[in-house]
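Heads up, the thing below is written out as structure tokens.
The values are calculated or read from the model by the stated rules, or taken from the named source; none is laboratory data. Being a predicted model, the structure only gives us computed values, none of them experimental. Methodologically, a virtual Cβ is constructed for each residue, glycine included, from the backbone with ideal geometry; neighbour enumeration extends over all protein chains shown.
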Amino acid sequence: MTLNQSALLELTEALKAADAGEMVRTMLTTMLQALIEAEATSVIGAARHERTETRTTQRNGSRPKTVSTTAGDVDVRIPKTRTGSFFPSLLAPRRRIDVALHAVVMEAYVHGVSTRKVDDLVAALGVQAGISKSEVSRIYAGLDTEVAAWTARPLDEAAFPYVFLDATYCKARVDGRVVSQAVVIATGVSADGRREVLGCAVGDSETQEFWADFLRGLRDRGLGGVQLVISDSHRGLTTAVAEVLLGASWQRCRVHFMRNVLARVPKGQAEMVAAAVRTIFAQPTGPLVREQVETVATMLEPKLPVVADMLRQAREDITAFADFPEAHWRKIWSTNPLERLNKEVKRRTDVVGIFPNAAALLRLSACVLIEAHDEWAVADRRYLSEESMAQLTPPAPSALPTAGVAPADGHTDLDQLLTAAKTA
């Protein structure tokens, strides 16, 4: 649309008969359409009905699009091309998260479970005309296809020595009741030091069956090479890890453990106890880390025997990190790396408040996690350096002749190989 003298006069006449709200929408529609046409001309290399040497394709009609704004819904037309595709940068599609949030809010609205908060949000989104059930279903179809493909993608392209598990809780309607549902998130650090979101699920995180099913799903998708699982001590989680991820150690999150300890300590002694427990994680070597647990337990036992018992019982769980490279300790002794993800999920889900069902909660949560996963995939900085991750990989077998050497443990010793090579 070219805003020549004639077009401007027609627009002026239309605005005279419009009220204030309609005037704003008319002006906005005209401006958007003009900008869309200008960008299309730049991309195509020629204006409508124009032939130029720089033209790369031809227009092939147009398609309508409703744009939701704070001034209300406005209708524009997007030019189509014979080859390739064109979409104006000014109307860049919403981020996946925003589409999912929009769909969840609309589902609540359509199904009559909306509150004043949801109604206000709908108005803030600029969708004054509402949305039909068919439109909601169309949005769901696209999102669910993408989420299903992402949650089922294979994980066997790389080993994941470190796996983090955590959960955040949201409200959803289940069987007609509003209940708390856990959004369980699994992230991993691959052998080259990069982070990935491995998967997510919604359910009751306190049951062993839930954790076992979730972990089996990851394993069936190819998750392998797991050496350490870091999580809080969810009921049934440790049993599920031992059952499904055979050979993996378990690190109890030090932050959650500290909270559990301080819950048993009088407020006046909390600072002293916290400082004492922190000395465990300040030791320079693995053996000293474990020795410090007993040292702290012995010191606290006279006045706080309950805390001393907690330390001794959790000794192996809270010091599992000490069996791994020291350069990794600060990043594997707690689930803090998952906190930012949890906060982002909560920030988005808190807008909705109560989800109409568990599927809607999973849909929005998965979209948030897919965005984070994609950001990590293109990030320049690795979570752990490739050099330090190499310390977790056993050295490759030597090509030297064994000359009949057969170690009892099944592994070739380098000194034996060198001796055999000299005598061969």
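Results, tabulated for the structure shown:
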| item | result |
| --- | --- |
| Positions within the range 213-264 being aromatic (F, W, Y) and either free of Cβ contacts under 8 Å to residues at least 12 places away in the same chain or closer than 25 Å to L155 by Cα (or both), in sequence order | F214, W250 |
| Residue within the range 327-349 that is surrounded by fewer than 20 Cβ atoms within 10 Å (Cβ to Cβ), farther than 19 Å from D166 by Cα and at pLDDT below 95 present | yes |
| Residue in the range 366-388 that is in a helix (DSSP H, G or I), surrounded by 13 or more Cβ atoms within 10 Å (Cβ to Cβ), of a type in the set (A, V, I, L, M) and without any contact (Cβ under 8 Å) to a residue 12 or more places away in the chain present | no |
| Any hit, the range 30-41, residues being modelled with pLDDT of 85 or more, among the hydroxyl-bearing types (S, T, Y), part of a loop (DSSP other than H, G, I, E, B) and more than 37 Å from the chain's Cα centre (by Cα) | no |
| Complete set of residues in the range 70-106 that are outside any helix (DSSP H, G or I), surrounded by 13 or more Cβ atoms within 10 Å (Cβ to Cβ), touching a helix residue (DSSP H, G or I) at 6+ places or on another chain (Cβ under 9 Å) and modelled with pLDDT of 65 or more | G72, D73, V74, V76, R77, I78, P79, T81, F86, P88 |
